[in-house]
Amino acid sequence: VQSTPSKPRALTYKERAAITENAVTRKLFTLMHEKKTNLAFNPDVPTAAEFLALIDLVGPEICLLKTHIDMVEDVDSSTIHQLQELAQKHNFMILDDHKFSDIGAIAQRKYARGKFYFVEWADLVTVHGLAGVNTVKALKQEAEKFQKKTGVARGIFLVAQMSCEGNLLDENYTHEVVEMGKQHPDFVAGFIGQESLGDPGFITCTPGINISQKGDSLGQQFNPPEHAIGDCGTDIVIVGRGIYTAADPLKAAREYRARAWKAYEDRIRPD
Ligand code: 6AU
């Protein structure tokens with residue numbers, strides 16, 4: 001897998017909004033350009049009250065909120081309703097990091113029915129390529145039904161690379177996942193990865209970002225935002241513990257936001 005060559009690296013998010021064939025990617029690139037933020041936040045906290053309070057606090061700083069909704073112990077439909085209201089209030093999009101990876105028939109039921117009915121409220125969900133392209137096709141069918149009913153487009157991010165030590169996603173796997181994305185560019189908004197993947201019409205989001213730690217005791221590997229956005233040419237940094245365990249989460253979010261945005265500005269205007 002090649003990093004995006006130097007010219008596409010210089011394209012702005014606004015220019016990329018104009019060339020993508022994906023409605024969700026277009027909306028996200030436009031939001032990033034207008035709100036001037038390429039920061040995503042994941043409040044991986046146990047209670048709905050903490051989860052919603054952190055989102056209300058950090059919401060003004062982010063383009064994308066990443067949830068693990070099934071980790072919120074007392075989650076119910078009111079939590080999801082309030083989450084949607086906060087997305088409107090602060091103008092961010094929602095990605096649930098469910099990492100769908102099952103056969104198509106089951107993926108469909110989990111995505112559109114089951115306990116969390118993700119398609120109804122999550123602009124985007126994450127999907128592994130493990131089970132092949134049928135997982136993508138299955139979710140796309142449900143997204144199309146939802147769009148027919150509501151006029152609202154949905155998308156996915158394919159997990160093409162992982163941040164943790166010892167993961168099994170090798171170069172060939174990454175290549176195959178990117179090819180899967182290229183087969184369905186109208187539904188695949190982009191990739192979760194550690195370097196820019198696909199072409200400039202796709203968004204690459206990078207987790208494993210922290211400015212004060214190098215890793216955790218369970219193999220997570222952290223890099224600073226400048227590494228992802230500047231050196232590796234990715235588009236959105238995903239920050240969890242770097243923000244929600246900070247003494248002042250809003251101050252921390254502002255610092256990540258400023259550093260990630262500066263790395264982007266330096267990238268599009270190289271000296
Ligand atoms: O900043 P952290 O380490 O507190 O949180 C990182 C978040 C977690 C992980 O589930 C997720 O990013 N993640 C992912 C995603 C987004 O799919 C992939 C990966 O390779 N590494 C990773 O940490 O919510």
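For the range 227-245, name all the residues that are more than 11 Å from the ligand (Cβ to nearest atom) and open to solvent by 10 Å² or more (accessible area, probe 1.4 Å).
Passing the criteria: His227, Gly230, Asp231, Cys232.
So which residues in the range 222-271 are among the small types (Gly, Ala, Ser), more than 16 Å from the chain's Cα centre (by Cα) and within 18 Å of Ser196 (Cα to Cα)?
Taking the range 222-271 first, the residues among the small types (Gly, Ala, Ser) are 228, 230, 233, 240, 242, 246-247, 252-253, 258, 260, 263.
With more than 16 Å from the chain's Cα centre (by Cα) added as a condition, the list becomes 230, 242, 246-247, 252-253, 258, 263.
Matches in the range 222-271: Gly230, Ala263.
Conditions first: (1) under 23 Å from Leu158 (Cα atoms); (2) touching a helix residue (DSSP H, G or I) at 6+ places or on another chain (Cβ under 6 Å); (3) not basic (Lys, Arg). Ile69 passes all but one, so which condition is the exception?
Looking at each condition in turn, Ile69 falls short on (2).
Need the failing condition index for Glu144 against (1) farther than 18 Å from Gln221 by Cβ; (2) within 16 Å of the ligand (Cβ to nearest atom), just the number.
Going through (1) farther than 18 Å from Gln221 by Cβ; (2) within 16 Å of the ligand (Cβ to nearest atom) one by one, Glu144 breaks only (2).
Spot the failing condition for Glu176; the list is (1) of a type outside the set (Gly, Ala, Ser); (2) within 15 Å of the ligand (Cβ to nearest atom); (3) more than 30 Å from Ala252 (Cα to Cα), and only one is missed.
With (1) of a type outside the set (Gly, Ala, Ser); (2) within 15 Å of the ligand (Cβ to nearest atom); (3) more than 30 Å from Ala252 (Cα to Cα) applied to Glu176, the lone miss is (2).
Just to check your reading of the model, which residue among Ala258, Ala252 is without any contact (Cβ under 8 Å) to a residue 40 or more places away in the chain and under 14 Å from Asn38 (Cα atoms)? Explain how you work it out, then say what you get.
On the way: Ala252 fails: under 14 Å from Asn38 (Cα atoms).
Exactly one residue qualifies, and that residue is Ala258.
Thr204 is checked against (1) among the β-branched types (Val, Ile, Thr); (2) surrounded by 21 or more Cβ atoms within 10 Å (Cβ to Cβ); (3) farther than 25 Å from Ala189 by Cβ and fails just one. What number does that condition carry?
(3)
Taking the range 148-201, which residues are open to solvent by 10 Å² or more (accessible area, probe 1.4 Å), of a type in the set (A, V, I, L, M, F, W, C) and assigned to a loop (DSSP other than H, G, I, E, B)?
If the condition is that a residue be open to solvent by 10 Å² or more (accessible area, probe 1.4 Å), of a type in the set (A, V, I, L, M, F, W, C) and assigned to a loop (DSSP other than H, G, I, E, B), then Val152, Ala153, Met162, Cys164, Leu168, Leu169 are the ones that fit.
Of all the residues that make up the range 151-165, how many are within 12 Å of the ligand (Cβ to nearest atom) and either under 18 Å from Gln183 (Cβ atoms) or not acidic (Asp, Glu) (or both)? Break it down stepwise before answering.
Pass one, the range 151-165, residues within 12 Å of the ligand (Cβ to nearest atom): 156-165.
Then drop every residue that is not either under 18 Å from Gln183 (Cβ atoms) or not acidic (Asp, Glu) (or both), which leaves 156-164.
The qualifying residues number 9.
Just wondering, is there one or more residues in the range 199-209 that are within 15 Å of the ligand (Cβ to nearest atom) and farther than 29 Å from Leu130 by Cβ?
Scanning the range 199-209 turns up no residue that is within 15 Å of the ligand (Cβ to nearest atom) and farther than 29 Å from Leu130 by Cβ.
Name the residues in the range 210-248 that are of a type outside the set (A, V, I, L, M, F, W, C) and part of a helix (DSSP H, G or I), would you?
Pro225, Glu226, His227, Gly230, Asp231, Arg241, Gly242, Tyr244
Kindly check whether there is at least one residue in the range 99-106 that is within 14 Å of the chain's Cα centre (by Cα), surrounded by fewer than 19 Cβ atoms within 10 Å (Cβ to Cβ) and not hydrophobic (A, V, I, L, M, F, W, C).
Yes - at least one qualifying residue is present in the range 99-106.
Can you tell me which residue in the range 118-133 is least open to solvent (accessible area, probe 1.4 Å), limited to those that are more than 16 Å from the ligand (Cβ to nearest atom) and part of a helix (DSSP H, G or I)?
The extreme case among them is Val119.
Out of (1) farther than 19 Å from Ile69 by Cβ; (2) open to solvent by 10 Å² or more (accessible area, probe 1.4 Å); (3) part of a helix (DSSP H, G or I), what's the single condition that is false for Val136?
(2)
Are any of the residues in the range 231-242 among the basic types (Lys, Arg) and in contact (Cβ under 8 Å) with a residue 40 or more places away in the chain?
Yes, that holds for at least one residue.
If you scan the range 148-191, which residues turn out to be free of Cβ contacts under 8 Å to residues at least 12 places away in the same chain and closer than 15 Å to Ala23 by Cα?
If the condition is that a residue be free of Cβ contacts under 8 Å to residues at least 12 places away in the same chain and closer than 15 Å to Ala23 by Cα, then Lys148, Thr150, Gly151, Val152 are the ones that fit.
Say whether the condition of being of a type in the set (Ser, Thr, Tyr), under 23 Å from Ala23 (Cβ atoms) and more than 16 Å from the ligand (Cβ to nearest atom) is met by at least one residue in the range 71-94.
Start the filter on the range 71-94 by keeping residues that are of a type in the set (Ser, Thr, Tyr), which leaves 77-79.
With the extra rule that they be under 23 Å from Ala23 (Cβ atoms), the set shrinks to none.
Scanning the range 71-94 turns up no residue that is of a type in the set (Ser, Thr, Tyr), under 23 Å from Ala23 (Cβ atoms) and more than 16 Å from the ligand (Cβ to nearest atom).
The values are calculated or read from the model by the stated rules, or taken from the named source; none is laboratory data. Quick caveat: nothing in here was measured; it's all calculated off a predicted structure. FYI the Cβ positions are ideal-geometry reconstructions off the backbone, even for glycines, and counts take in every protein chain you see. Side chains are part of the model used for accessible areas, which takes the heavy atoms of the whole protein and leaves out ligands, DNA and RNA. Shrake-Rupley method; radii C 1.70, N 1.55, O 1.52, S 1.80 Å.
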